[in-house]
Amino acid sequence: EAIAKRKKGVVKARKDLKTAIKDADAPAPLPRWIAKCHAVAGRATKDFITADNRWDVHTIVLVVRAYLPDVFAVHLPDHFHAKEVLGGILRISGARTRRA
């Protein structure tokens, strides 16, 4: 009976260790704002959109263009300013593409 009890303890410890290893390997949940950025990015771009990574111009323009009407435009005085912002980021994106 002592051996069976010891075996049961070892089996439980092994199961707990497997669970701990699995939890340690699991990716951390994404912050909500990063998940929103991933929603508008392509498959190849998503890997570069992280909270601790430097974003290039292409990524910034991608996110701003996607959320300009819903997020950024509400902070601009009128639609003319939104059009000006959009034109500016499109020029920046074009210049980045030509340079790259």
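Key figures
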quantity	calculated
Residue within region 82-97 that is surrounded by fewer than 11 Cβ atoms within 10 Å (Cβ to Cβ), among the hydrophobic types (A, V, I, L, M, F, W, C) and part of a helix (DSSP H, G or I) present	no
Tabulated pairs, region 67-81, first more than 24 Å from Ile34 (Cβ to Cβ), second at pLDDT 80 or above and open to solvent by 100 Å² or more (accessible area, probe 1.4 Å), C-beta under 6 angstrom, 6+ apart or interchain	none
Search result, residues across region 26-41 that are in contact (Cβ under 8 Å) with a residue 12 or more places away in the chain and among the basic types (Lys, Arg)	Lys36
Helices (runs of 4 or more DSSP H) enclosed by region 1-80 - at least 2 residues per element that are loosely packed, with under 12 Cβ neighbours inside 10 Å	2-25, 32-40, 43-46
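The values are calculated or read from the model by the stated rules, or taken from the named source; none is laboratory data. A quick note: this is a predicted structure, and the numbers were derived from the prediction, not measured. We place every Cβ from the backbone using ideal geometry, glycine too, and count neighbours over all the protein chains shown. Side chains are part of the model used for accessible areas, which takes the heavy atoms of the whole protein and leaves out ligands, DNA and RNA. Shrake-Rupley method; radii C 1.70, N 1.55, O 1.52, S 1.80 Å.
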